[in-house]
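The structure appears right after this line, and notes come after that.
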Amino acid sequence: MQEQKKLNRRDFLRLSGIASAGVLAAACGATAPAEAPAAGGAAAPAAAPAAAVEAPAASGALKEVAREKSLILMFGGQPGQFEDTGLGNPYATGATHQIGSAALWEPLFFYSAYGEGEIPWLATGYEYNEDFTELTISIRDGVEWSDGTPFTAKDVVFTLNMLKDGAPLLSRSQATAAAVASATAVDDLTVQIVMNGPRPRYMFNQLMSKFDTGIYLVPEHIYAGKTPDEIVSFEYYDPEKNWPLSTGPYKIVAWNTTQKFIDRRDDWWAVKTGFMGELPAIERIVIAPRADDSIMTQRIINNEVDSILDLRATTIAATVSQNPAIITHTGRELPYGYMDWWPSSMWFNHDAEHFSDKNVRWAISYAIDRQQLIDVALEGSGMVASLPFPEYPPLLPYYEAAKPLLEKYNTNEYNLDKVAERMTASGYEKDADGFWAKDGSRVLAPFGGWSVFNDIGPIVAEQLRKAGFEADYTTPADHGTRMSDGSYGLWLNGHGGTIRDPFTTLDFYTGKYYAPIGEPTAQSSRYNNPEYDAILEEMATTPSDQPKYMDLFLSALEIWLDDLVDAPIQQWMHRIPMNTTYWSDWPTADNSYVNGSFWHLTFPLMLHRMKPTQG
Amino acid sequence: MRYSKQYLLRRVGLLLLIIWSAATFNFIIPRITPRNPLREKLLQEASRSGYIPIGFDEMVAAYETKFGLDLPIWRQYINYLGDMARLDLGFSIASYPKTVWQVILEGLPWTIGLLAVTTIIAFALGTLLGALMAWQNSGPFVRYVMPSILIFGAIPAYVIALSLVYFFAFRLKILPTGGGYGISTIPALSIPFILEILKHSILPALALVLARTGGWALGMRGMMVTVEGEDYMTFAEAKGVKDWRLFYKYGVRNALLPQVTGLALALSFVVSGAVLVELVMGYPGLGTKLAQAVTQLDYFVIQGIVFVIILTLAIAMLVIDLLYPLLDPRISYEGG
Amino acid sequence: MQRIIIALRYIRRNVSLAIGLGILIFLILFAVIGSFLVDTKVDPYPLAGPASVAPTLSYCPRTDPECAQVEPVAYPFGTDGQGRDLFAVAVVGTWMTIRIGLLAGMIGLAIGTVLGFTSAYYGGVYDAFIQWTVDVLLTVPGLLILIIIASTIAGLENGKTLTINQMGLVIALLAWMGPTRTIRSQVLSMRERPYVMMARLNGMSSLGIIFREMIPNLLPYLGAGLVGSVTGAIFASMGLAALGLGPLREPTLGVTIYWVINQNAFLRGLWWWAAVPIVIVALIFIMLFLISMGLDEVANPRVRRAR
Amino acid sequence: MSELLLELKNVTKQFKGGTVALDNISFSIDADEPSIIAIAGESGSGKTTLGLMAMGFLTASTGSVLYRGNDLAEMSGSDHKEFRKEVQAVFQDPFAVYNPFYKVDHIMEVPIANFKMASSKKEAREMMEQALISVGLRPEETLGRFPHQLSGGQRQRIALGRALLLRPKLLIADEPVSMVDASLRATILEAMDKLNKEFGITVLYITHDLTTAYHVSDYILILYKGSIMEAGDIESIIRNPQHPYTQLLIGSIPWPDLDRVWGEDIAIIDIEEDTSEESRVGCKFAGRCPHVMDKCKVAPPPLYWPDDNNRVASCYLFDDKPVLPGDDVGTLFRSKKVAVSR
């Protein structure tokens, strides 16, 4: 039923965010854990005030806000219910910024992949020393927490140290623990960070908010003195105390399992200091948990809701066609969405029988008719991917450079003859049922996926069967485990990672992630090639603007392609319907200031930009 | 006093036995599979985060210690029984630091509201229908046309719900497609809010009533037929008792007892909810919670919900058993 | 022969049994004749046909401007969003669904019959244990246990989901309590019947008595029990499938409904995708319902008066 | 003395609830001298239990049941089969003994097959027809029918026919006429009599009805609460009852004599049963007996010979009379050959 698909859609979104944390940590050559698991908090369970979160605000306490001044969104949780209700502390296990809370958190910098790039916010600038071992950040003057306490370099330093000390329990802590040797406040407006060696990507990866990545800054005067165990179980939501505090122009006023109300806060520092001329036009943000696609689309079609979680390729067209006020990233035309940073592939377990053979991997790739997937499963709303990273503008030069290699190793080719050729080359023959087998061992190819793959999954399975692989598509609840412990031979998954240069994604395949079957690993290809590792090691400390970087990239890629570490299938699309009945200036292709996922950390950029269309 | 001491002791003993065995069952099921739910969940979360820390196994061990999973199995079992006896269901894995009770209490009011109301409506409707169907003096419409309504009782409620959603929400667009109440509505004890909740519950309620009326009608019909065969009915008829009076005073009243005890039983099932209907309708009840827990492998929540349901059922059955002799003077639990 | 005629005559009077059996025969004929009309190995699976075609008897591809020149293909029930021929899905799915029900129902009934007989026969501690187990298991809502079991054992091997047969077996685990109870009480009362004593006087062995004297008279109860457990099993299999715990590739009716919900058939206006499984499911359940009402009349003649 | 066919030795049967259905009964049957023995008593007297024990359907709590000198409880398979064939029964309900699933033939076909009595189907058929004719039925009107297609009298006669077919030595007829229309009783009793006279089968006629018992039986045994009250020659007992209980029973028979008033002779019937502990150790009838004495409540009276050697009665009114040697009342039912030891 729906919830599974949805769960996984959300999981995948979370994954994309969380993954980058780990990924970016890896980029800095670190191997510390990236995200505390959700069951986290070895903290004493005693403190868990029960009913507090359940009680909705008394009707009198909440002011009425007109519909045309409210932004109503459906996102997050499980169908019909939030699971993070009352967790105002972004580092509490189970908390998420995605359900509107991003409106509260302001970072040192925003980074808009679709807009102007780096946007200084609570900081005014940063500077690395020459060998990328020291980082100096200048903090903006006049920033205040919502209780009036000034936000200073000390809060930043406190947060960094808290993460350093709280690894691996605190989410997003490992990257900082691995990269940062010490952080000090030179004065109220200057942060000095000493790195554990050259870390050219730390500033971008951890201290800039983009997509779902970047650390959350917390107020020292609230968090000081708490142990990591206490932090993961610290709920930090109390409208009486104005908890959680924020630097952004919003505060949470009511929160129950089916609704979250976030109201505008008129004493925002940025207006006082003149950093921003005026408050955002949106007076209230209302978030309801996601529901079945049919329910959500019905509500946006009825103008009850302004935007919702992204839709399937197959439902977005139906949604747009039923209400002329609904637009998408590409207006009201195909493909109705924008490219996510999460291209998906058929992944292989390089230690598993059959799939350790590169001929079998290539045969599987030749067996997949990617165009048919887009045409049938996605009704045309999709894009084929040839490499495991998105075709974002900063990455296009790398795509361009890879063209000759892709001609030699065509990852998008559908060719049953080549399937047979590759399979026979490795000594496989078709058995009585028409399935490939060697020495009496048939190539069993059941593959799993998050249920967001339910549209293409069954069709990929049939394509593989047609080519002689006994395939079956499943969505087990323990998909994550099966990927990480190697019980799968192959599976569908995406790559969150590279945004600006290809290192991060390519680093997924290095031997440091190798673990024998049965032992968990995060990047679970179980690909182990010292030659490849050596190139990646060199890339890690090479800034991407050096010419040598491109050569390293190409030699790594050639190894990757020859071995076909995984088989790229499609670019992922975010197909978000946006209703223009009450609000204009949504982020679109024509008005591209940020990517349109309102659940990302860049949500404030949308809030400051959007204008009412009525009243 | 209609109950002997031995009977009460035996009955309460049985209650404890049932609760104990259900709890034990609950304890064993996750443990007979080769997968450790905690490790599973940690792995899943960790691998989603894109990164399995080097010290992962140490972390799992730390959590196992915390949850007592490193103890020998019998110690775990004793601790577990102790927790259950204190009604301590522990923590949710997926929404830590929430407790399982918090999770359950979030969904429970919705489920109870929906299920209790529909159960009672279905009961009243079905009983009336069944009585009329069995009554020989009912018109042909009642006796031959009404039974076709029973057909709905044969179809799973969620399939009915699906069809209703299609017609009333998608085609006619007169009712909401699902959810508990409007998104931007502020929950309050006000008439409009209550109306909104009612409006949102029409379709799931209708589906449940349609699906469940048939069963009651059948039961009632059977009882009425039996009652009509009794001598006192013939006698009353011969005495010239008026038809409607015969129907109501002699027929329905006597046939009602098993129905009422059935109702008590059905009401005790209210807690277990209607998982599939809730899912199809996006209704924020306990069934939805359970389904979520299943997809998230949140064993502690699954176990908690199952345990609460068993507890409610077992206690309800005890209460029904004890009420029986009060309702029916022919039954007594005195003596051996 | 005489028996058959008597049975036929009886069925004429027992309307619900007659209609129920009629639907059953219709469904069987549909599945059997249908299986000659479709390729059951290909058609009910994705990519068998063009996606999202409304029911038609002469389909021509949208891309083809000259329909007349193309051999028209019939998709009487249309196709779904992933290109399954829904007529084939109906043919294969009906049979698969009934098969799960029969498998689980029969195993459940068999276990229940054996346990019911033995527990009534041997009595004592054994009987008390069986009774207690049944009581406990009946207290726990079945779907819950099934969900737990299915989600824990689903695809332990090779990442496969449950096969049709495995699913039937899992469901059978919970289909035996009802029959155990009924059979036990029936045997207890039947054991004291004079014809059983007569059989002993006739020198019959215990097994002979069970099989030749008791079982034939339990037939209506066994029949009703079978219908009951088949109904329960199909219901459970549909529930599991709807929760996504079924064999996702196999076009059972439950799995088809899962895809209908999962792929938003209603929103996309593909009403026939939903209509096909819903109508068949309704037919199956109505059939079982009518048959069980009919058997109830056979076993319990008092109800007959109501007609 | 020839070997006894069936012998109950000091049999006591106590059911689970504590009810004592038979209390130390000894009773033997010598099939060499076929006779009809009535076992009479009101409901709850233990007469049906006695029958069931004789059929081997119940095992004794204490004491033993012997078939040709072998304990039934320890008998081997082949002996047991022999016993099955030689000890047969007819039951009260002429419908319930037929399995509704089968035609009436079933009840005869099964024993023929099980006891391998016929070598061919034809032979079996002939045997069945013969048996039916013997009990006054026309085979073509009965065979091939289902039980509900025949009348109660027909069904009961088929049951008798079945018993006849097996040529048993002993037939236990448990209330065979009580559920049959009065007009048909005679035919059934006649058939029973015929079994006894023509085929030399001993019949245990279990009944609560002294009239029919008197009509067909040679001997009678009167039970009350599991104990023998009076036993012996039917003429002597019915004409001249000695035991107060027998007198009570006979007194309540509605004789077709307009001058007689029912129950005139009945002195006292103490409806209030004495259920005290001592009543269980003494005479069972003490609680209702008009002649009750103190010693009646101390121990059960032995079987005395009240007058001649035709019968015995268990009552202290005759404690000056001799006592039946041994406990076996069966000895009384053999052509009055028991020497009275005075």
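Worth pointing out:
- Neighbour net charge for A:Q81 - beta-carbon separation under 9 angstrom, K R +1, D E -1: -1
- Distance between the 7 Å Cα→Cβ label points at A:I559 and D:A73: 8.8 nm.
- Sequence-distant aspartates and glutamates (8 or more away, or on other chains) whose Cα lies within less than 12 Å of A:K403: A:E558
- Charge-dipole axis of region A:382-497 as Lys and Arg at +1 and Asp and Glu at -1 on Cβ define it, positive-most pick from A:L387, A:W491, A:N454: A:L387
- For peptide B:310-322, the mean count of partner chain Cβ atoms within 10 Å of a residue's Cβ comes to 1.
- Average projection area in nm² (convex hull over Cα atoms of chain C, one quarter of hull surface): 21.4 nm²
- The angle between the Cα long axis of helix D:121-134 and the main principal axis of chain D comes to about 40°, on a 0 to 90 degree scale.
- At R0 = 45 Å, FRET efficiency that the Cβ-Cβ distance of D:R239 and D:S183 yields, to 0.05: 0.95
- The C-alpha radius of gyration of region D:49-200, expressed as a fraction of 2.2 N^0.38 Å, stands at 1.06.
- Of every Cα-Cα pair in chain D, the percent that sits beyond 36 Å: 22 percent
- Between B and A, accessible area buried - total, square angstrom, nearest 100, 1.4 angstrom probe: 5800 Å²
- Taking GluC sites (Glu not before Pro) in DSSP loop states with no more than 15 other Cβ atoms inside 10 Å as exposed sites, chain A has its longest site-free stretch at A:414-615.
- Partners for D:K321 among aspartates and glutamates (Cα-Cα distance below 15 Å; same-chain residues under 8 apart left out): D:E230, D:D307, D:D308
- A:K466-A:D165 pseudo-label distance in nm [points 7 Å out on the Cα-to-Cβ vector]: 6.1 nm
- With the largest listed first and rounded to whole Å, the semi-axes of the equivalent ellipsoid of chain A from the Cα gyration tensor are 40, 29, 22.
- MRE, 222 nm, helices only [DSSP H, n ≥ 4, -39500 (n - 2.57), over chain A, to nearest 500]: -8000 deg cm²/dmol
- In Å², nearest 10: area of D:I29 left accessible to a 1.4 Å probe: 10 Å²
- With the charge dipole of region A:215-298 set up from +1 on Lys and Arg Cβ and -1 on Asp and Glu Cβ about the Cα centre, the Cα lying farthest toward the positive end among the listed residues A:A291, A:T227, A:G277 is that of A:G277.
- By the combined test of axial Cα extent (at least 18 Å) and Kyte-Doolittle hydropathy (mean at least 1.0), the qualifying DSSP H helices of chain C come to C:15-37, C:86-122, C:215-242, C:271-299.
- MRE, 222 nm, helices only [DSSP H, n ≥ 4, -39500 (n - 2.57), over chain C, to nearest 500]: -22000 deg cm²/dmol
- About its Cα centre, the dipole of region D:4-217 is roughly 520 debye, where the only charges are +1 on Lys and Arg Cβ and -1 on Asp and Glu Cβ.
- In this rough spin-label picture, where each label sits 7 Å from Cα along the Cβ direction, the B:R75-C:R9 distance is 7.6 nm.
- Nonpolar atom fraction for chain D, defined as the carbon and sulfur part of the 1.4 Å probe accessible area, stands at 50 percent.
- Rounded to the nearest 20 debye, dipole of the protein assembly as shown from Cβ charges on Lys, Arg, Asp, Glu: 4680 debye
- When the alpha carbon gyration tensor of region A:191-342 is reduced to an equivalent ellipsoid, the three semi-axes, largest first, read 34, 23, 18 Å.
- Largest-first principal axis extents, alpha carbons of region D:1-132, Å: 48, 37, 28
- Label-reachable residues, region A:127-161, where backbone N falls under 19 Å from a point 7 Å from A:D188's Cα toward its Cβ: A:137-159
- Look at the stretch C:191-197: the mean tally of other chain Cβ atoms within 10 Å of its residues' Cβ atoms is 6.
- Buried between D and C is an accessible area of approximately 1900 Å², summed over both sides with a 1.4 Å probe.
- Accessible area per residue, Å², the protein assembly as shown with all protein chains present, probe 1.4 Å: 38 Å²
- Only Cα pairs under 8 Å and 6+ residues apart enter the sum, and on that basis the relative contact order of region B:100-295 stands at 38 percent.
- Here the protein assembly as shown was treated as a single set of alpha-carbon atoms; its pair distances binned every 20 Å from 0 give 8, 28, 28, 17, 12, 6, 1, 0 percent.
- Whole-number percent relative contact order across chain A, with pairs defined as alpha carbons under 8 Å at least 6 apart: 20 percent
- Separation of alpha-carbon centers, region D:39-58 and region C:218-249, rounded to whole Å: 49 Å
- Tail beyond 18 Å, pair distance distribution of region A:234-299 (Cα, percent): 50 percent
- Counting only residues at least eight positions apart within a chain, or on another chain, the lysines with an alpha carbon under 19 Å from that of A:K438 are A:K358, A:K418, A:K430, A:K466.
- Cα long-axis angle, helix A:547-563 against chain A (0 to 90 degrees, to the nearest 10): 50 degrees
- Cα long-axis angle, helix A:457-466 against chain A (0 to 90 degrees, to the nearest 10): 10 degrees
- For region A:424-568: relative contact order, % (alpha-carbon pairs under 8 angstrom, 6 or more apart): 16 percent
- With every protein chain in place, chain A: carbon and sulfur % of accessible area (1.4 Å): 49 percent
- Stokes-Einstein diffusion of region D:23-75 at 4 °C, 1.567 mPa s viscosity, Kirkwood radius from Cα pairs, rounded to a whole number: 105 µm²/s.
- Where a label projected 7 Å from the Cα of B:L172 along Cα→Cβ would reach, residues of region A:277-307 with amide N under 15 Å: none
- Dipole-positive endmost among C:P247, C:A90, C:V136 within chain C (Cβ charges, Cα centre): C:V136
- Taking the Kirkwood radius as Rh and the Cα radius of gyration as Rg, region B:100-295 has a ratio of Rg/Rh equal to 1.08.
The values are calculated or read from the model by the stated rules, or taken from the named source; none is laboratory data. Because the structure is a prediction, the values reported are computed rather than measured. With ideal geometry, Cβ positions are generated from the backbone for all residues, glycine too; neighbour counts draw on all protein chains shown. Just so you know, the surface numbers come from the protein's heavy atoms only, side chains and all, with ligands and any DNA or RNA stripped out. Shrake-Rupley method; radii C 1.70, N 1.55, O 1.52, S 1.80 Å.
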